[in-house]
Structure formats: structure tokens, C-alpha cells
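K.L.:
First the structure, then my questions, so here it is.
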Amino acid sequence: MIDEIVLGLITFFTSTVAGVVGLGGGMMLIAILPSFLPLNALIPVHGLTQMSSNLSRAVFGYKYVKLETIPKFLLGSICGIALFASILYFISLEFVPLFIGIYILLSLWSKKFNEKIKRYESYFLAGFFQTGLSIVVGATGPLTMTLLLKDYEDKHIVVATGAALMSITHTLKVFVFMFFGFVFFDYLGVLIAMIIGAVTGSYVGTKLRDKIEGKKFVLLLKVLLSALAVKLIIGLLW
């Protein structure tokens, strides 16, 4: 029972962070979960919890969700998760975090890179790689958030739309793990505590977001994305 309470509080904190700036909560949570869960349950439990966190965050900010991004992202997500789930046991994805980290850093800070990559960037590709890779990497939200930050200036649009897209990623991922036989019911107590923490954290984070001025929000998000990218790169190299 102690573990359930602790995980619920941790999830509340990480979901609040994500509710304010749009991301970071999922990556913090997946870094903490190995201390509480066996490795085989790590990504499935994280996925269901993040589905609750992102879906509730999108619902709380529903009027800011850009619906035009969803069809292409959903199609890309279905294609991506179908491909990666089918070849999961046949390929090495060891260097995926390195490529994600480099892409995020260049996309945020290099004008020349953005000029060259813009013609290839799309919500279809974002969905393809974010959702496909999520069954291995766990937290791939920075891929979409980097794209949204370029397309929209309003912080509420960036966070709410990012949450809607990430909820698609995590929902599809949960179905994949159910298909492969993972029994979520075995972790029912933990999941209930974490889902309650996730939803309440989304609500609090949505309210706190108004306290951050627009330009400061963009700078904070870029710094946080950069820190996560560096963490991915260093984690692989070391």
C-alpha cells in the first residue's frame, strides 16, 4: 500500500509538471519507475498512466486542441506502431535515443537545420516515429512538442494539442501490450493510484500554466527539451 501511495504522489508531481510546460513528466516518471516495478511492467504501466495524464490534459484544455493535426498524426501512429511492433525482436534500437537527442537539439537551436528539415517534417512522420518508437523508448513526446513549438506560439495550444497527440501514442501502445499478453490487472492497485495522481496533476498543471508568461514559457520549454535531449545522448554514451 505504501508503494501505491508513493507512486500516486510521484505521478501527481510529474503530471503537474507536464500540465504546466507540456512535457518532462513522462520522462521523469519512467526514470523513477524501475525502483518500484519489474522491468517487464515498466513501459506498459508507464504507458497506461501517461495515457490518463495526456488525455485528461487534452480534455482540460480541449478548446485549444488543433484538431487538424490529429488525422495525419493518427495515421502515422498506426503505421509506426504496426511496423515497430512487428520487427521489435529483429532489429537493434540501441542508438535511437542518440538520434532523437541530436534531432531535438538541432531542431531547437539550428536555423540552417530547420531550413533543410522543414520540407520533410510532418505530423504523419511525427506520429510514425513517436508512436512506433514509444514501445521501446517509453517517452517520445519531445518529438511532437518540438514540431508544435515551431507551428504555434500560444502556450495553451502547444500543451493541449501535444497532450492530445501523445494520448494517441499511449493508447495505441497500451493496446499493443495487451495484444502481446501483458496483464494490467496484476498491477491494478498501482495503476489506480497513478491514474488518480495523473488526472489531478493535469488539472493542477493546467491551472498553473496561466501563471507563466508566454515568452518565458517558450524559453523554459526549449531549455527543458534541450536538457532531455542531452540526457538521452549522455545516457547512451555512458
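The values are calculated or read from the model by the stated rules, or taken from the named source; none is laboratory data. What you see is a predicted model, and the numbers here were worked out from it, not measured in a lab. Positions of Cβ are backbone-derived with ideal geometry, glycine not excepted, and every protein chain shown enters the neighbour counts. Surface accessibility is based on the protein's heavy atoms, side chains included, excluding ligands, DNA and RNA. Shrake-Rupley method; radii C 1.70, N 1.55, O 1.52, S 1.80 Å.
For (1) farther than 26 Å from Ile212 by Cβ; (2) modelled with pLDDT of 85 or more; (3) loosely packed, with under 13 Cβ neighbours inside 10 Å, each residue gets a yes or a no:
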site: Ala85; (1), (2), (3): yes, no, no
site: Phe95; (1), (2), (3): yes, no, yes
site: Thr140; (1), (2), (3): no, no, no
site: Asp154; (1), (2), (3): no, yes, no
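K.L.:
Okay, next question. Filter the range 176-196 for residues that are exposed (fewer than 13 other Cβ atoms within 10 Å of the Cβ) and over 21 Å from Ser35 (Cβ atoms) and give the result.
P.N.:
Within the range 176-196, Phe179, Phe180, Gly181, Val183, Phe185 meet the criteria.
K.L.:
Separate question: Residue check: is Ile91 closer than 24 Å to Val21 by Cβ, among the aliphatic types (A, V, I, L, M) and modelled with pLDDT under 90?
P.N.:
Criteria not met by Ile91.
K.L.:
Go through the residues of the range 57-66 one by one and say whether even a single one is within 19 Å of Ile192 (Cα to Cα), in a helix (DSSP H, G or I) and basic (Lys, Arg).
P.N.:
Yes; the residues of the range 57-66 include at least one that is within 19 Å of Ile192 (Cα to Cα), in a helix (DSSP H, G or I) and basic (Lys, Arg).
K.L.:
Which helices (runs of 4 or more DSSP H) sit wholly inside the range 124-238 and have at least 2 residues that are of a type in the set (S, T, N, Q)?
P.N.:
Values: elements: 142-151, 155-179, 188-209, 214-237.
Counting at least 2 such residues, we get 142-151, 155-179, 188-209.
K.L.:
Restricting to the range 23-49, count the residues that are open to solvent by 20 Å² or more (accessible area, probe 1.4 Å) and part of a helix (DSSP H, G or I).
P.N.:
Result for the range 23-49: 12.
K.L.:
Also, quick follow-up: Quick one: how many residues across the range 156-175 are out of contact with any Leu (no Cβ under 7 Å at 6 or more places or on another chain) and open to solvent by less than 30 Å² (accessible area, probe 1.4 Å)?
P.N.:
Summing the residues that are out of contact with any Leu (no Cβ under 7 Å at 6 or more places or on another chain) and open to solvent by less than 30 Å² (accessible area, probe 1.4 Å) in the range 156-175 gives 11.
K.L.:
List pairs: first in the range 31-48 and under 19 Å from Ile195 (Cβ atoms), second among the small types (Gly, Ala, Ser) and open to solvent by less than 30 Å² (accessible area, probe 1.4 Å), Cβ under 6 Å, 6+ apart or cross-chain?
P.N.:
As it stands, the answer is Ile43/Gly138; His46/Gly138, since those pairs meet every condition given.
K.L.:
What number of residues within the range 1-22 are open to solvent by less than 60 Å² (accessible area, probe 1.4 Å), in a helix (DSSP H, G or I) and either in contact with a strand residue (DSSP E or B) (Cβ under 8 Å, 6 or more places away or on another chain) or not hydroxyl-bearing (Ser, Thr, Tyr) (or both)?
P.N.:
Summing the residues that are open to solvent by less than 60 Å² (accessible area, probe 1.4 Å), in a helix (DSSP H, G or I) and either in contact with a strand residue (DSSP E or B) (Cβ under 8 Å, 6 or more places away or on another chain) or not hydroxyl-bearing (Ser, Thr, Tyr) (or both) in the range 1-22 gives 10.
K.L.:
I've got another one for you. Which pairs do you get when a residue that is in contact (Cβ under 8 Å) with a residue 60 or more places away in the chain, found in the range 66-83, comes within reach of a residue that is of a type in the set (Phe, Trp, Tyr) and outside any helix (DSSP H, G or I), reach meaning Cβ atoms under 9 angstrom, with the pair 6+ apart or on two chains?
P.N.:
As it stands, the answer is Lys66/Tyr152, since those pairs meet every condition given.
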